[in-house]
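Visitor: If you scroll down you'll find the structure; I have some questions about it.
The values are calculated or read from the model by the stated rules, or taken from the named source; none is laboratory data. None of the values given here were measured: they were computed from a predicted structure. FYI the Cβ positions are ideal-geometry reconstructions off the backbone, even for glycines, and counts take in every protein chain you see.
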Amino acid sequence: METFRGRLRVRLPRQMFEGKQKYLALELPDTDLNRRMAEAKVKLIESNIALERFDYTLEKYSKPKAPTLTVVEAVKPKAELDLAQLWERYKESRSNKVCETTMKLNYVRVTGHVQKLPMVALEGAGSFAVPKATRFEITYSNTILATPLIASGCNSTPAANGH
């Protein structure tokens, strides 16, 4: 260990670098505290040489580098459908799985609610507050949207449902 231009550096053994003199600049001012830290680093280097674990890149012994941060702009997917279009597709996919009366009575009611929403674009769906629903409303909505075929009493074939 030595001081060069007021800074501490470690002189590495020439035999490690084919006879060429190499230094590890610690970038620390020459103070008592920094000398103790440099001595600890010298001991680490000496032990790594003895145990044949010496890092020839010297990264292991250098000052840790601050992580490089890259600013990444989130890519927002373009909404291809608005909420009303998405609801219509859902109704179409369920049309052969629920009774005709469920479609006419319950799904028409939900369609009316969807059309009354203040915003129908899917990309802004999380930005408006939904009124707190009662337990009955949640249960009723789940019943409308997820009525199983067995409970509805409908046959699973479209012809049997009059479709």
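Visitor: Consider E73 carefully, then state whether it is surrounded by fewer than 10 Cβ atoms within 10 Å (Cβ to Cβ), at pLDDT 85 or above and within 36 Å of the chain's Cα centre (by Cα). Quick ask: steps written out before the conclusion?
Guide: Values: surrounded by fewer than 10 Cβ atoms within 10 Å (Cβ to Cβ): yes; at pLDDT 85 or above: no; within 36 Å of the chain's Cα centre (by Cα): yes.
Considered against the rule, which asks whether it is surrounded by fewer than 10 Cβ atoms within 10 Å (Cβ to Cβ), at pLDDT 85 or above and within 36 Å of the chain's Cα centre (by Cα), E73 comes out as no.
Visitor: Please work out which residue is surrounded by the most Cβ atoms within 10 Å (Cβ to Cβ), limiting yourself to region 1-55 and to residues that are touching a residue at least 12 places away in the same chain (Cβ under 8 Å) and among the acidic types (D, E).
Guide: Applying the filter and picking the extreme gives D30.
Visitor: Inside region 31-71, can you point out the residues that are under 17 Å from G6 (Cβ atoms) and either in a helix (DSSP H, G or I) or touching a helix residue (DSSP H, G or I) at 6+ places or on another chain (Cβ under 9 Å) (or both)?
Guide: Hits for region 31-71 are D32, L33, N34, R35, M37, A38.
Visitor: Conditions first: (1) within 40 Å of the chain's Cα centre (by Cα); (2) modelled with pLDDT under 85. R89 passes all but one, so which condition is the exception?
Guide: (2)
Visitor: Would you tally the residues in region 72-84 being assigned to a loop (DSSP other than H, G, I, E, B) and under 30 Å from T111 (Cα atoms)? Quick ask: steps written out before the conclusion?
Guide: If we filter region 72-84 for residues that are assigned to a loop (DSSP other than H, G, I, E, B), which is where we start, we get 72-81.
Going one step further and asking which of them are under 30 Å from T111 (Cα atoms), we end up with 76-81.
Qualifying residue count for the region: 6.
Visitor: Return yes or no: is Y107 touching a residue at least 24 places away in the same chain (Cβ under 8 Å), assigned to a loop (DSSP other than H, G, I, E, B) and in contact with a helix residue (DSSP H, G or I) (Cβ under 8 Å, 6 or more places away or on another chain)? Steps first, answer last, please.
Guide: On the way: touching a residue at least 24 places away in the same chain (Cβ under 8 Å): yes; assigned to a loop (DSSP other than H, G, I, E, B): no; in contact with a helix residue (DSSP H, G or I) (Cβ under 8 Å, 6 or more places away or on another chain): yes.
Answer is no for this residue.
Visitor: May I pose another question? Name the one entry in A121, A133, A146, A84 that is at pLDDT 75 or above and among the small types (G, A, S).
Guide: Values: A121 fails: at pLDDT 75 or above; A133 fails: at pLDDT 75 or above; A146 fails: at pLDDT 75 or above.
From the options A121, A133, A146, A84, the qualifying one is A84.
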